[in-house]
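Below: one structure, written as structure tokens.
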Amino acid sequence: MPIINQATKELQVKIVYYGPAKGGKTTNLEQVHRNVEDVQEKGKLVSLATSSDRTLFFDFLPIEAMAIKGFKTKFQLYTVPGQVIYNTTRQLVLRGVDGIVFVADSQFDKMAENAESFQNLEDNLRSLKLNFAEIPYVLQYNKRDLPNIAPVEYLEFLLNNREVQVPSFQSVASRCEGVFEPLNMITRLLLNKFINEGARKPA
Amino acid sequence: MPGLPPLIEEDVLSLDLALDGLLRKSEAAAVMLIDKGGPVIARRGETEQFDITTIAALAAGSFCATQAIAERLGEANFTSIYQQGERLSLLFCNVDENVLLIVIFNAALSAGAVKYYAAETIRQVAQQLERAGRRAPGQTLDLVSENVLDVSTIFSKKR
């Protein structure tokens, strides 16, 4: 659920980048922070990382943009730590999530980790009484520049073979290629979802 | 997970009033209400001097993490965290399932007194949020009338 303040005309939404360890979630946020243009206000990127550059708790990037006329829309972008031991942390960061970008590592030898992380996401959503039907999500197949990568069709088969297929994107986050497309798509999906809900239950 | 209800002017005024009362009585530097997911709901006091958005995101994470630790120790009733500083201290208090109260105050002030005054504010805030929830069960914002801009390119890359 987004935070809606009718009095101050403010809407706050939370987008979480999820996926296996070392898959490029933090890199996505760093690239958005470095390269985003024309937003009203860009906050500092906060990274709670260990000395080995692994996210310990989360990375956090607040951005303010005009998405709805007359409403100040504050986007809060989070990443979760990918390592298996941080599952409790991931559950905490998922709290209050409005949309998810799942960042998969395209390398062949990471397929098991991708599948495991995706399953873990579903489990954690369930523990928050949420599911994929309620929370909009998109897939981002990262590291497409590496030599030993799986074909997109294979990744689609692995991660996008549910009844309703979701938008998926190829990316090289380290070069900021395919970083903004998934972010814009998830924004579109979650705003559309709120609109549809608003239409069903008018204020 | 039930989220925060949409807030109308009456709610915001009432929450601000409750926070103002706490500011006055406790002489705190700043007080804010945040969602446990991270976003700020209301803020009062000298909030300009702090990076409130980030403090809120970190505070939500910190509170929920400490709560998770307490649960693992078998502590069912976990209501607040107090962080003692040299210059400024912090108090995080649970308001209800979704909301936290954060008080930033001069370290010279008594934490006990701040906590005492906060208890009254927490009651007022919880009551108002309950009223807001009753007013609009399951309701979300009517975005249809709000004219969504072209959302395909909200975020664009620098050329």
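Here are some notes:
- Flag for A:I63 being more than 9 Å from chain B (Cβ to nearest Cβ), of a type in the set (A, V, I, L, M) and not in a loop (DSSP other than H, G, I, E, B): no
- Among the strands (runs of 3 or more DSSP E) confined to the range B:1-118, the ones with at least 1 residues that are under 20 Å from A:I4 (Cα atoms) are located at B:30-35, B:40-45, B:99-106.
- Selection status of A:L189, in contact with a Leu (Cβ under 8 Å, 6 or more places away or on another chain), at the interface with chain B (Cβ under 10 Å from one of its Cβ atoms) and surrounded by fewer than 21 Cβ atoms within 10 Å (Cβ to Cβ): no
- Residues that are in contact with a helix residue (DSSP H, G or I) (Cβ under 9 Å, 6 or more places away or on another chain) and not in a loop (DSSP other than H, G, I, E, B) within the range A:147-164 comprise A:I149, A:Y154, A:L155, A:L158, A:L159, listed in sequence order.
- Residues that are farther than 15 Å from B:R131 by Cα and at the interface with another protein chain (Cβ under 8 Å from one of its Cβ atoms), drawn from the range B:3-39: B:D35, B:K36, B:G37, B:G38, B:P39
- Subset of the range B:122-144 [touching a helix residue (DSSP H, G or I) at 6+ places or on another chain (Cβ under 8 Å), modelled with pLDDT under 90 and in a helix (DSSP H, G or I)]: B:A132, B:V144
- In the range A:95-112, residue nearest to the other protein chains (Cβ to nearest Cβ) [restricted to those that are in contact with a Lys or Arg (Cβ under 9 Å, 6 or more places away or on another chain) and either assigned to a helix (DSSP H, G or I) or over 21 Å from A:I3 (Cα atoms) (or both)]: A:V103
Residues are listed down the side, and each one gets a yes or a no for (1) surrounded by fewer than 19 Cβ atoms within 10 Å (Cβ to Cβ); (2) part of a loop (DSSP other than H, G, I, E, B); (3) under 16 Å from the mean Cα position of the chain (by Cα):
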{"residue": "A:A115", "(1), (2), (3)": "yes, no, no"}
{"residue": "A:Q119", "(1), (2), (3)": "yes, no, yes"}
{"residue": "A:L139", "(1), (2), (3)": "no, no, yes"}
{"residue": "A:D145", "(1), (2), (3)": "yes, yes, no"}
{"residue": "A:V166", "(1), (2), (3)": "yes, yes, yes"}
{"residue": "A:L183", "(1), (2), (3)": "no, no, yes"}
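- Criterion (more than 7 Å from every other protein chain (Cβ to nearest Cβ), over 19 Å from B:G3 (Cβ atoms), in contact (Cβ under 8 Å) with a residue 60 or more places away in the chain and aliphatic (A, V, I, L, M)) met by exactly one of A:A21, A:A49: A:A21
- Condition met for A:T55 (polar (S, T, N, Q), crowded, with 20+ Cβ neighbours inside 10 Å and over 18 Å from A:M185 (Cβ atoms)): yes
The values are calculated or read from the model by the stated rules, or taken from the named source; none is laboratory data. If you're wondering where the values come from, they're calculated on a predicted model, not measured in any experiment. Because the Cβ atoms are built from the backbone with ideal geometry, glycine has one as well, and the counts that use them run over all protein chains shown.
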